[in-house]
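Peer 1: Handing you a structure now.
Readers should treat all values here as calculations from the given coordinates under stated rules, not as data from a laboratory. As the structure is a computational prediction, the values presented were derived from the model and not from experiment. Don't worry about glycine lacking a Cβ; one is built from the backbone with ideal geometry, like all the others, and counts go over all protein chains shown.
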């Protein structure tokens, strides 16, 4: 009886130790991710290649470059973290940037080309208009800048080729908001 109790105690103790190691690793991974996010935020919040005055991405902008930082207001760490975490749900869509404050010029050029090359049917145009009405900025961005043109193109792509709804597109645009601040909700 004592041997059985000791064996059971050892089994329970081993299970608790194993569970503690598993939970600790998850916690440490979360801490590591949070630290990396804060480091990235610190770097991007000091960058200013993303600006309202950049009306479009064209041949004058080096393709190897990046559009980084916010354009209108200082970045907010909590809002930035919400955006980056929210955008992870779209990681399977290569045209959606994983970070709204760090977009490659190559991707911005590709998305802008969608704006010029994809025509929407009347039904699809109504979906796009509804997304504009639903989004926090009432469109892909708060002003007619490179971001507006690029994410307008992305919206056309997602509606025409992937059958996205207005609500899906508006939610994405809200996560892609690169204006800075706590969300710039209008």
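Peer 1: Which order do 103, 85, 93 fall in if you start with the one that has the fewest other Cβ atoms within 10 Å? Mind dumping the intermediate values first?
Peer 2: Working: 103 24, 85 12, 93 15.
Exposure proxy ranking, most exposed first: 85, 93, 103.
Peer 1: For the range 45-176, what relative contact order do you get, as a whole percent, if you take Cα pairs closer than 8 Å and at least 6 residues apart?
Peer 2: 28 percent
Peer 1: For a quick check: sort 41, 151 by the number of other beta carbons within 10 angstrom, fewest at the front. Write out the running numbers ahead of the final one.
Peer 2: Working: 41 19, 151 31.
By the 10 Å Cβ count, ascending, the order reads 41, 151.
Peer 1: Which value does Rg/Rh take for the range 45-176 over its C-alpha atoms, Rh per Kirkwood?
Peer 2: Details: Rg = 13.9 Å, Rh = 14.8 Å.
Rounded to two decimals, Rg/Rh equals 0.94.
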